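Bear in mind that the values in this text are calculations on the coordinates, not laboratory data. All figures in this text were calculated on a predicted structure; none of them were measured in a lab. Here Cβ is always computed from backbone atoms with ideal geometry, including for glycine, and neighbour counts include all displayed protein chains.
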Amino acid sequence: MMNFLRSLFSTDFMAHGYCLRLPGVIRLHEISDLIIGLSYFLIPIALIYLVRIRRDLAWPWMFGLFGLFILSCGSTHLLAVYVLWHPIYRFEGVVKALTAALSFPTALLLIRLVPRVRLLPSPELLRQQNALLATEVAERKVAEAEVRRLNEELERRVADRTRELQQANEDLRQFTWAASHDLQEPLRMVTIFSEMTEQTEWERLTEDGKFYLRTAADGARKMQGLLTDLLSYTQLASAAPEGNPKCSAQQAFDEALTNLGLAAAECSAEIYRATPLPEVTITHSQLVQVFQNLLSNALKYRRPDAIPLVGIRAERHPGQWLFSVSDNGIGIDPPHHKRIFEAFKRLSNNDIPGSGLGLALCQRLIERNGGRIWVDSEGAGRGSTFFFTLTATD
Ligand code: ADP
């Protein structure tokens, strides 16, 4: 083996170029081997270029292996030209052995790859599938255009319907306003004449007559309150929202408290402020109304066995303030928490005066100013806490 390696490049034979005395045949071998060898050298270059520009090719290692195999084949042919005149047969044999070592596994791997290559879609199949996809895309575009058209049609109908509903709403509001406004006058008559009868005819009335008169006067007073609330409610619906009014919640709270002074004193209520009250975005009169409604409810719906205790606090949240008005009153069962904000929805018995519009009005006022209002109460006898949010001014 060592001897073989040492004499790898020795030329101890007669080169067959000298033996063949047919110069034509020698030339034929020389030129053909040269061209084959050079061509074999070019093929791997083409393969490397192909693998580089088509990075998505399947099995790129196969191209590499094939390139090496072709390169070694080319070497055998170029060596054949050299060996014609320089008989380094040992070295030529080694190169052939290397080529054989490369060609056999390459051939095996190629054969194993054939079934998988067969599964690759042919260019014709790809063309057909592309055409199919193009048809599907075109159909989808048509469907999308139809959906768009239907959507536009739907939006137009919704806009028409909304306009109609807004108009109907406005008609209803005007009607409600006119009715409540016009009813006030005859009602005032009833109240005034009831009071006059009470003042001038009281002694002459029988017990039954006195009872009828008081009932009529009470009814007229209740109706008066209802009409006042109804008027504020309908007026609020039509009033254009003001820009970004600033209001001191502290001042609004104080004003509401002053307005309720008598009612609070009558039941010895304790109304306290648990935190300082901030400046918020709402009109002063609107916030006074919200506080007044919530505080007056806290007094109206008090427990008969406890002095009303009402606390108000404000808590800062990102971009807004969260107000809460808590009382120790009769409480509200959870199923009613949402319903009490509906207009005319009352849970209490009719002995407690009210129109059922106070909370609906509060909700409207708060929502018009970008806030939310809700109630939390664990149920009957457990007190209630009304929460509402308003935008901060800073
Ligand atoms: P009104 O007080 O005129 O009836 P509101 O809209 O202010 O109307 O309130 C609706 C209903 O919600 C009331 O009738 C009452 O049953 C209930 N309610 C409101 N506030 C309270 C409260 N603080 N505690 C218990 N119940 C309340």
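If you take the square roots of the eigenvalues of the alpha-carbon gyration tensor of segment 338-394 and sort them as a ≥ b ≥ c, do you get rounded (a/c under 1.5), prolate (a/b over b/c) or oblate? Mind dumping the intermediate values first?
Details: a/c = 2.91, a/b = 1.57, b/c = 1.85.
Oblate, because a/c is 1.5 or more while a/b does not exceed b/c.
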Could you give the length gained by full extension between D182 and A143, i.e. 0.36 nm per residue of separation minus their alpha carbon distance, to one decimal place? 8.3 nm
Which order do the peptides 165-176, 294-305 take when ranked by the mean count of other beta-carbon atoms within 10 Å per residue, highest first? 294-305, 165-176
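Taking 8 Å as the Cα distance limit and 6 or more residues as the minimum spacing, I'd like the relative contact order of segment 254-355 as a percentage. Each step should come with its number before you reach the end.
Values: 106 pairs, mean separation 27.0, N = 102.
RCO, segment 254-355: 26 percent.
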Longest principal axis of the chain (C-alpha) makes with the long axis of helix 249-259 (C-alpha) an angle, in degrees to the nearest 10, of 20 degrees
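What shape does segment 233-369 have by the C-alpha gyration tensor, where a ≥ b ≥ c are the square roots of the eigenvalues, rounded means a/c under 1.5, and otherwise prolate means a/b greater than b/c and oblate the rest? Kindly include the intermediate steps, with their values, before the conclusion.
Numbers: a/c = 1.68, a/b = 1.25, b/c = 1.35.
Here segment 233-369 falls in the oblate category.
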Using mean Cβ contacts within 10 Å as the protection proxy, how do 35-46, 379-390 order, highest first? 379-390, 35-46
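Once fully extended, how much extra length lies between I192 and V158, figured as 0.36 nm per residue of separation less the alpha-carbon to alpha-carbon distance? Let's see the in-between values first.
Working: separation 34, 0.36 × 34 = 12.24 nm, distance 5.00 nm.
Net length gain for the segment: 7.2 nm.
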Between R173 and Q129, Cβ-based FRET efficiency (R0 51 Å, step 0.05) works out to 0.20
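Counting each DSSP H run of 4 or more residues in the chain as -39500 (n - 2.57), what helix-only mean residue ellipticity at 222 nm follows after dividing by all residues, to the nearest 500 deg cm²/dmol? Walk me through the numbers before you get to the answer.
Numbers: 11 runs with 251 residues, N = 394.
The helix contribution divided over the chain gives -22500 deg cm²/dmol.
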Using only Cα atoms, tell me the angle between helix 23-53 and the longest principal axis of the chain; keep it within 0 to 90° and round to the nearest 10. 10 degrees
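Sort 83-91, 199-207 by the packing proxy (mean of other Cβ within 10 Å over each peptide's residues), most packed first. Before the final figure, lay out each step's value.
Details: 83-91: 17.3, 199-207: 9.2.
Packing order, densest peptide first, comes out as 83-91, 199-207.
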Residues whose modelled amide H sits under 5 Å from the amide H of R303, counting only those 5 or more places away in sequence or on another chain, are I330
Nearest 10 degrees, 0 to 90: helix 60-83 Cα axis against the chain principal axis: 20 degrees
Quick one: of K210/K300; K300/K338; K222/K300; K222/K345, which pairs are farther than 25 Å apart, Cα to Cα? K210/K300
Would you work out the relative contact order for the chain, in percent, from Cα pairs under 8 angstrom that are 6 or more residues apart? 11 percent
Here FRET efficiency (C-beta to C-beta, N3 to W85, R₀ 22 Å, nearest 0.05) is 0.35
For segment 121-276, what's the relative contact order in percent, using C-alpha pairs closer than 8 Å and at least 6 residues apart? 25 percent
